[in-house]
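Bear in mind that the values in this text are calculations on the coordinates, not laboratory data. Since the structure is predicted, the reported quantities are computational estimates derived from the model, not experimental observations. Neighbour counts are summed over all protein chains in view; Cβ atoms, including those assigned to glycine, are modelled from backbone coordinates with ideal geometry.
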C-alpha cells in the first residue's frame, strides 16, 4: 500500500468536493506543503511518527492510504489540475 505523509495537525473541517459532492477533508502534505483532499469526513492514519527535524513544538506526521486521495477517486480530477502557462 502506498502511503502519503501529511502533517497530522493540519486536518481541516469536513467539506464536499465542488464537482462530485463527495465528502472530503483537506490536509497539508509534508513533501510539498500543499493542501490535498482525501475522501471521507475524517482522516484515518495508517501510522504516525514524530517529526525528526528539530522543530519546537514537535509535530506529528500521519501516514494516509494513498488510495484515499480524492484526486484518485474523483471523476472530475482532471478539471482541478493546473495548466501550463
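For Kirkwood radius over Cα pairs in Å, one of (1) 19.9; (2) 13.6; (3) 14.1 was computed from the structure I shared and the rest are decoys. Which label? Label of the calculated value: (2).
Mean sequence separation of contacting Cα pairs (under 8 Å, at least six apart), scaled by the length of the chain, corresponds to a relative contact order of 31 percent.
Computed extension gain for residue 49 through residue 80, at 0.36 nm per residue and net of the alpha carbon distance, reaches 8.1 nm.
Which order do the peptides 7-14, 58-65 come out in when sorted by mean C-beta neighbours inside 10 angstrom, highest first?
58-65, 7-14
With neighbour counts taken as other beta-carbon atoms within 10 Å, the residues 49, 79 rank, fewest first, as 79, 49. Between residue 16 and residue 65, the contour length at 0.36 nm per residue exceeds the alpha carbon distance by 15.7 nm.
Among 82, 2, the ranking by other beta carbons within 10 Å of each residue's beta carbon, starting with the fewest, stands as 82, 2.
Taking other C-beta atoms within 10 angstrom as a stand-in for reagent exposure, 50, 43 fall in the order 50, 43, fewest first. Which of 37, 75, 23 moves the most in a Gaussian network model of the chain with Cα springs under 10 Å? Most flexible of the set in this elastic network: 75. The helix-based estimate of mean residue ellipticity at 222 nm for the chain, built from -39,500 (n - 2.57) per DSSP H run of four or more residues and divided by its residue count, is -500 deg cm²/dmol to the nearest 500.
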